[in-house]
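Just below is one structure, and these are the notes that go with it.
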Amino acid sequence: MSHDEHHAGESSNYLNHGKGIMSWLATLDHKRIGIMYLWTTLLFFFFGGIAALLVRYELIAPGQTIMTADQYNKAFTYHGTIMVFMVIIPLIPAALGNFFLPMQVGAKDVAFPRLNLASYYVYLAGAALATSTLFLKGVDTGWTFYTPYSIRTGTNASMVVMGAFIMGFSSIFTGLNFIVTIHKLRAPGLTWSRLPLFCWALYATSIIQVLATPVIALTTFLLFLERAMGIGIFDPALGGDPVLFQHFFWFYSHPAVYIMVLPGMGVINEIIPVFSRKPMFGYTAMALAIFGIALVSFVVWGHHMFVSNQSDLANFLFSLITMFVAVPTGVKVFGWVATMYKGRIIFKTPMLYAFAFLFVFTIGGLTGIFLATLASDVHLTHTYFVVAHFHYVMVGGTIMAFLGGMHYWWPKIWGRMYNETQAKLACLVIFLGFNVTFFPQFVLGSRGMPRRYYDYLPEFTALNRMSTYGSWMIGAGLLWVAIYMIYAIYRGEKASSNPWNAMTLEWQTTSPPHHENFTTIPKVTDGPYEFKDA
Amino acid sequence: MGNKNHHAHHFESAAAEFEASKQGLWVFLVNEVLFFAGLFVAYAIYRILNPDLMHEAHKYLNWKLGATNTVVLICSSLTMALGVTAAQKGQQKKSANLILVTILLACVFLVIKYFEYMHKIHEGLLPGGLFSYHEPIHPKAPQFFSVYFVLTGLHGIHVIGGIVVLAWIYMRTLRGEFTDKYFTPVECTGLYWHFVDLVWIYLFPLLYLAS
Ligand SMILES: [Cu+2]
């Protein structure tokens, strides 16, 4: 890998290769498609965030504050649906993954560029269909669409489930593309044991996307038919089985947790060695652990259904297998900590987000044990404890990692640096805000406050108020990030091709990268984390 | 497009692109298997919970028409396989004719299916709340017809999709776009078509011969 620095002022890159709006909308360049995904998912992140702030504001005091109970049901449904289907699932794979996976394997593009572009428009169509209901009757089922209520509700549940159905195809297309890209387009010398762990994580994610997403596609399709013509598969009034819906739904939606979390782990896997200046501890174990998690994720869905009349034997088995998730997850956490041990840690913003990730994700993982345990789950299920748990896992696992990855790769994407001081302070605000928002919810839940309720008993007021204040901190922190990151694109200091001295291939080309990523296809002779200065 | 040894810029050779396309199609088929698997699971659950249901309700399906359709689809798989072989050898004319026969057989399948559906609709042997057969069969019979219509309906949609893709491949073959060096779309369509047939081969005994 030679360091041929082209120091031409405005060298040719993917951003100035082709001008005009059509050069973006019809692009087949994985980097531009990644950018389109990035802005679109962030736009939905903004909408989902507004919905969250509204929900929290309503809960600042018991009784009605700013909205009616009906509006409240819709607000939390939109928050959940938008955040899960339109933000967290595509955020890292489709935005950062699209941009960096082909670069990390030393390819010019993904295997099927047209399919990649199609996946973006399919996503957009599904998201538009689902969110257009905001201007109609809305939807009030919660993001889980549990039957039989989702069959009976007079709101636009059909449009939203069809939106989720359509977005599923986008997810499948992305997964398929990544699998083939990793298999067939690796640069010479890039053996499987030299593959960056971000690619390993996206590979495992893609497998889950291809295997689990068709099941949610079928489920949402059946729910649509149930609503449209009463086919009686899920509707108990017609002899159907509403618990079957829950099985189908969680057969997808538990693995989907790992569609959200594994890419986040992949990002952390890149950041920690680079900012510890040490090779990844236990590279092989780290890669295998990703697949361990993916594998186990397919056989634990029943832990969402301990109170659904599932048989005792099924409950026992699902509880037991769920505990096994802790093993590969533990391997990952120990691997990260051991990588940092005796490393020269550089406290730059991406690394701070990696710390935030570790802290938040560990709490999220450990509180999962309370919920995997049958006896305590019966007490805690349907309470705020569950809400706090999955926000620690999904926001901690995905959003913290995404923010880390966004800071890590921003100089490569735009060729500009962001303001380091502001970034560190904003990270602190988000981290504190996150814990102020969600930690009280563990306490609220364990004291019996049910989730999704519009009103609560007066003794829960103080903790709810604290949680709402925390949500404002998160909002302010994210707004701050948006401001200095967008500023950086236009006015930031010019970034060098490899500001963090990383070894993976995306850093061995110019910032921003050339239209075809590399001027010559790189030859790989070393592992991804073999730092020369270590 | 259409140029003899054409391959996309990000592949090093046409062979590499062919391998990638084929792998992509296999991954897609795995995804399709999981899509149908959900319905087979629903079938299995209703069957385990009501062992007599399938036994009672399957009698109302016309196994003769089902068997005819099975034969039609197996024949279409054969003509498709021969068409792919012809394409690999560069025998475009032969390949085009075989693909055309495949399309016609697929249409025969749909016509037979149409008459089956019409008969069921006429009798009121319909899913869930639409069920209105004149005499009692089994309390869960509407669920059997839900599974029947959704499974065969989704399979039918796949057949229609197959016809569209086959027609497109047929046009391209007539235009002479494929050679003995470049026949990826023909081969991939062939794989897809075999998959569609295979789903039916499972559907037929499970639904029509469920005793
Ligand atoms: Cu789960």
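The values are calculated or read from the model by the stated rules, or taken from the named source; none is laboratory data. This one's a predicted model, so the numbers in the text were calculated from it and none came from an experiment. Note that we place each Cβ from the backbone using ideal geometry, even for glycine, and neighbour counts take in every protein chain shown. Only protein heavy atoms, including side chains, enter the accessible area calculation; ligands, DNA and RNA are left aside. Shrake-Rupley method; radii C 1.70, N 1.55, O 1.52, S 1.80 Å.
Couple of notes before you dig in:
- Qualifying residue in segment A:341-359 (condition: of a type in the set (S, T, N, Q), within 13 Å of the ligand (Cβ to nearest atom) and touching a residue at least 60 places away in the same chain (Cβ under 8 Å)): no
- Considering residues of segment A:489-514 that are in a helix (DSSP H, G or I) and of a type in the set (A, V, I, L, M, F, W, C) only, the residue farthest from A:GLY106 (Cα to Cα): A:ILE489
- Sole residue being open to solvent by 30 Å² or more (accessible area, probe 1.4 Å), of a type outside the set (Gly, Ala, Ser) and either without any contact (Cβ under 8 Å) to a residue 24 or more places away in the chain or more than 14 Å from chain A (Cβ to nearest Cβ) (or both), chosen from B:LEU105, B:LEU73, B:LEU61: B:LEU105
- Residue satisfying all of: in segment A:54-70; of a type outside the set (Lys, Arg) and in a helix (DSSP H, G or I); least open to solvent (accessible area, probe 1.4 Å) among these: A:GLU58
- Taking first residues from segment B:1-30 that are within 12 Å of another protein chain (Cβ to nearest Cβ) and part of a helix (DSSP H, G or I) and partners that are open to solvent by 30 Å² or more (accessible area, probe 1.4 Å) and modelled with pLDDT under 85, the Cβ contacts under 6 Å between residues at least 6 apart in sequence or on separate chains come to B:GLU17/B:HIS7.
- Against the list (1) within 16 Å of the ligand (Cβ to nearest atom); (2) modelled with pLDDT of 90 or more; (3) open to solvent by 30 Å² or more (accessible area, probe 1.4 Å), the condition A:PHE251 fails is (2).
- Any pair with Cβ under 7 angstrom, 6 or more apart, that starts in segment A:249-266 at a residue that is within 14 Å of another protein chain (Cβ to nearest Cβ) and ends at one that is near the ligand (Cβ under 9 Å from one of its atoms): A:TRP250/A:TRP301; A:TRP250/A:HIS304; A:PHE251/A:TRP301; A:PRO255/A:SER297
Residues are listed down the side, and each one gets a yes or a no for (1) open to solvent by 70 Å² or more (accessible area, probe 1.4 Å); (2) in a loop (DSSP other than H, G, I, E, B):
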position	(1), (2)
B:THR79	no, no
B:VAL101	no, no
B:VAL111	yes, no
B:PRO136	yes, yes
B:ILE160	yes, no
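- The set of residues from segment A:226-242 being out of contact with any Phe, Trp or Tyr (no Cβ under 7 Å at 6 or more places or on another chain) and either more than 8 Å from chain B (Cβ to nearest Cβ) or open to solvent by 30 Å² or more (accessible area, probe 1.4 Å) (or both) comprises A:ARG227, A:ALA228, A:MET229, A:PRO236, A:ALA237, A:LEU238.
- Within segment A:320-338, residues that are in a helix (DSSP H, G or I) have Cβ atoms under 6 Å from residues that are of a type in the set (Gly, Ala, Ser) and within 14 Å of the ligand (Cβ to nearest atom) in these pairs: A:THR322/A:ALA372; A:MET323/A:ALA372; A:THR329/A:GLY365, counting only partners at least 6 apart in sequence or on another chain.
Yes or no, residue by residue, for (1) surrounded by fewer than 19 Cβ atoms within 10 Å (Cβ to Cβ); (2) in contact with a Leu (Cβ under 9 Å, 6 or more places away or on another chain):
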site	(1), (2)
A:GLY492	no, no
A:ASN501	yes, no
A:GLU506	no, no
A:PHE518	no, yes
A:PRO528	no, yes
A:ASP533	yes, no
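- Within segment A:295-311, residues that are in contact (Cβ under 8 Å) with a residue 24 or more places away in the chain have Cβ atoms under 6 Å from residues that are away from the ligand (no atom under 11 Å from the Cβ) and of a type in the set (Asp, Glu) in these pairs: A:PHE306/A:ASP377, counting only partners at least 6 apart in sequence or on another chain.
- In the condition set (1) over 24 Å from the mean Cα position of the chain (by Cα); (2) of a type outside the set (Gly, Ala, Ser); (3) more than 14 Å from every other protein chain (Cβ to nearest Cβ); (4) in a helix (DSSP H, G or I), A:ILE151 is compliant with all but (3).
- From A:VAL274, A:VAL267, A:VAL299, A:VAL257, residue being within 16 Å of the ligand (Cβ to nearest atom), open to solvent by less than 30 Å² (accessible area, probe 1.4 Å) and closer than 26 Å to A:PRO93 by Cα: A:VAL257
- Check on A:ALA95, outside any helix (DSSP H, G or I) and under 29 Å from A:ASN498 (Cα atoms): no
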